[in-house]
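**Student:** This is the structure I have questions about; it appears just below.
The values are calculated or read from the model by the stated rules, or taken from the named source; none is laboratory data. All figures in this text were calculated on a predicted structure; none of them were measured in a lab. Cβ sites come from the backbone with ideal geometry, for glycine too, and all protein chains shown count toward neighbours. The area values use the complete protein model at the heavy-atom level, side chains included, leaving out ligands, DNA and RNA. Shrake-Rupley method; radii C 1.70, N 1.55, O 1.52, S 1.80 Å.
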Amino acid sequence: MRDVLKKHKFKIIVILALFITVAATSVTIITLMNNNKTVISPDFAPIEKETYAQILNDDDKEKLQQQEGGGAVSLTYSKDVTIDATEKTATLLFENPAKSNQNMVLQIVVKDTVIAQSGLIEPDYGINKLALFDNIDLQEGEYEGNFNVLYYDAETGEKAILNTEIPISIVVK
């Protein structure tokens, strides 16, 4: 009788171990397959300036008026973005004119996924190109998306409470 109980316990332990192994392997595979890069906006401005940023040499150097503790920005942008799927880059127009008094970070968002994020864009700088994140694979076609513009105090680097979301049209080639 004891031998039967020992064999029964052994079978239960083996089945339980197999079940745990299969469950852990399944969770690992599902996690790896759905490994989308999550981008969290920093509370303070990134130290790195945007690689593709170019100085605008804007003639209007007078800063916008702002209330104490607030900020004022001016934006120049195009709502049309073209993505080269082979080079994994986005071609766009986005400028932070000299009259702005906030630094900016630009995100490109498609279907609630951030596919690209700039470094710091200071006043009097703009970008025409932005690298996509490595894990982004978009099919050829047209997409609706957004620019998310994050603002940072130019002196303290602290993130502003408000962001701007701009609807854009994206063509992937």
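**Student:** Between I55 and N163, what's the calculated FRET efficiency when r is the beta-carbon distance and R0 is 22 Å? Round to 0.05.
**Tutor:** Calculated value: 0.35.
**Student:** Sort F94, F10, F133 from largest to smallest accessible area, using a 1.4 Å probe on the heavy atoms of the protein chains.
**Tutor:** F10, F133, F94
**Student:** Follow-up. Taking a cut-off of 19 Å between Cα atoms, list the aspartates and glutamates near K11, but don't count ones fewer than 8 places away on the same chain.
**Tutor:** Answer for K11, where 19 Å is the Cα cut-off: D3, listed by chain and number.
**Student:** A further question on this structure: Give, as a single signed number, the net charge of other residues whose beta carbon lies under 15 Å from the beta carbon of I121, with Lys and Arg counted +1 and Asp and Glu -1.
**Tutor:** Taking every Cβ under 15 Å from that of I121, the sum is -3.
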